[in-house]
1. Taking amide H positions as placed 1.01 Å from N in the peptide plane, with prolines and chain starts having none, which residues 5 or more places from ARG349, or on another chain, fall under 5 Å of its amide H?
2. What is the sum of charges, Lys and Arg at +1 and Asp and Glu at -1, for the other residues whose Cβ falls under 14 Å from the Cβ of LYS409?
3. Rounded to whole Hz and in sequence order, give me ³J(HN,Hα) for region 410-416 from the Karplus expression 6.51 cos²θ - 1.76 cosθ + 1.60, θ = phi - 60°, writing x for Gly and Pro.
4. Taking a probe of 1.4 angstrom, what is the accessible area of ILE83 in Å², to the nearest 10?
5. I'd like the Karplus ³J(HN,Hα) series for region 319-332: coefficients 6.51, -1.76, 1.60, θ = phi - 60°, whole numbers in Hz, and an x wherever there's a Gly or Pro.
6. Take every DSSP beta bridge with both residues inside the chain and express the antiparallel ones as a percent of the total, to the nearest 5.
7. Students often forget the sequence filter, so: which aspartates and glutamates lie under 17 Å Cα-Cα from LYS26 once same-chain residues fewer than 8 apart are removed?
8. Ordering LEU405, LEU97 by how much accessible area each has at a 1.4 Å probe, largest first, what is the list?
Amino acid sequence: MSVKVIVGAQWGDEGKGKMIDLMSEKVDIVARYQGGANAGHTVVIKGKKYILHLIPSGILHSDAICVIGNGVVIDPVALFDEIALLEKQGIKIQGRLFISHRAHLIMPYHKMLDVAKESKEAGNKIGTTGRGIGPAYVDKVNRCGIRIVDLLDRPTFESKLRKNIAEKNEILKKIYKADEMDVEQVVSEYVEFDKKIAPYSKDISVLINDAVKAGKEILLEGAQGTLLDVDFGTYPFVTSSSPTSGGACSGIGIGPTCVDEVLGVIKAYTTRVGMGPFPTEIGDDEGNVDLRALGDEFGATTGRPRRCGWFDAVIANFSVRVNGLSAFALTKLDVLDTLEEIKVCVAYRYEGKDLTSFPCELRILENCKPVYETFPGWQQPTSEIRQFSDLPANAQNYIKAIENLTNTKVAIVSVGSGREQTILV
Ligand code: GDP
Ligand code: IMO
Ligand code: MG
């Protein structure tokens, strides 16, 4: 029996989807614990690409039960679109997907407020996905959110919805000078979701704790990444939930004593979508190394180009600490195959000092200069390699350097998007 948490160790898009799919083969339950349809988790099976937003990335293994925990915010429209798309591709969902009755809903006004706030921000945009994530978590914490359990009780749902829409319409009109919602239209559209969601609704805390007692194999799937965590990320340029491993317990309803292992998924370089500091970002003036083109770095949810930079060991160490990582899964090693030299940031230089502990001040993050160690590239293809010992010596040395700099083992190396393009170390 084991409970394993899988977290993104950077700014998201590390390849969590591939890792979760890979590990789901031997797992009974895969559970998402935070975030919403802002996630885009890619799984490639025999050349066919699936992008999961809300549904756990274990869904492509027909034996796995998939669960969405109370920590996730659920847009019913996005959920049923995703279910329909997967069913069209021949994947059975009914009887295999369960959703916490405590999970909060993303309503149309959350998406409208997300977009309206971003468009008003001019120079201070977060660069959100526009999926209503921040406003939905605001309502949850502000105790006016609507949960799945409310949706299943029409009178309660309708009265909460009407109250919220009245308030949000005032905000949309007066603060954002945006269009108001048609109350009757939203009510009539959303009350109908009760029948659709009922078969999926469950007490997930009971389901998972029973499974733990029965000795099942359980994977807890994080979305986003450590540096987007509302507490530990580059605040305010973060998401509104807790992707770090601590969020897994509160987002699913288990105690920390249940968790056996935490695997941090980390790219062999760094990317970020949206605004905010990024010390190792490769600027346009260093365009001779185009990681975006080499790694096909475009967002799986919004299609936005990802910002790209070198591997940052300061961030990796921070991730080891705040998540209690047991090991890393290192992805996209193959993207570096053609490079002559590869840089790794080992410290941030700021006002004459070298910082090795990730700072929380934006001022430092925005103005520090990365201190790099340079490693020779291997300039050989790696995507067909399946054994660590078959990797070129310089690639092995690069991975060992990452292990030494972080004092953490690399347990899995990924050399391509396909399930099979994986090296178990
Ligand atoms: P997630 O959000 O962490 O699940 O990651 P995304 O799916 O948003 O982005 C990762 C991208 O890299 C996807 O397009 C994957 O198919 C792809 N990918 C994952 N692992 C590898 C790898 O080892 N090599 C290459 N070249 N691509 C990979
Ligand atoms: P996965 O799970 C990368 C980023 C957005 C923005 C910030 C806040 O695929 O790794 P939000 O819509 O959450 O309020 O946006 O967080 N962001 C992600 N970046 N991968 C993700 O998910 C992300 N989800 C949100 O770009 O900067
Ligand atoms: Mg992604």
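The values are calculated or read from the model by the stated rules, or taken from the named source; none is laboratory data. On a predicted model such as this, the values are computed, not experimentally measured, just so you know. Every residue, glycine among them, receives a Cβ derived from its backbone with ideal geometry; neighbour counts consider all protein chains shown. These area figures cover heavy atoms from the full protein model, side chains too; ligands, DNA and RNA do not enter into them. Shrake-Rupley method; radii C 1.70, N 1.55, O 1.52, S 1.80 Å.
1. LEU355, LYS369, VAL371
2. Charge balance near LYS409 sits at -1.
3. So the Karplus estimates, Gly and Pro as x, are 9, 8, 9, 10, 10, 10, x Hz.
4. Only protein atoms counted, so the area is about 10 Å².
5. Working through the residues one at a time gives 5, 4, 5, 6, 9, x, 4, 7, 6, 9, 10, 9, 10, 6 Hz.
6. The antiparallel fraction comes to roughly 40 percent.
7. Of all the aspartates and glutamates, those that pass the test against LYS26 - Cα under 17 Å, at least 8 places apart if same chain - are ASP63, GLU217, GLU221, ASP260, GLU261, GLU420.
8. From most accessible down to least: LEU405, LEU97.
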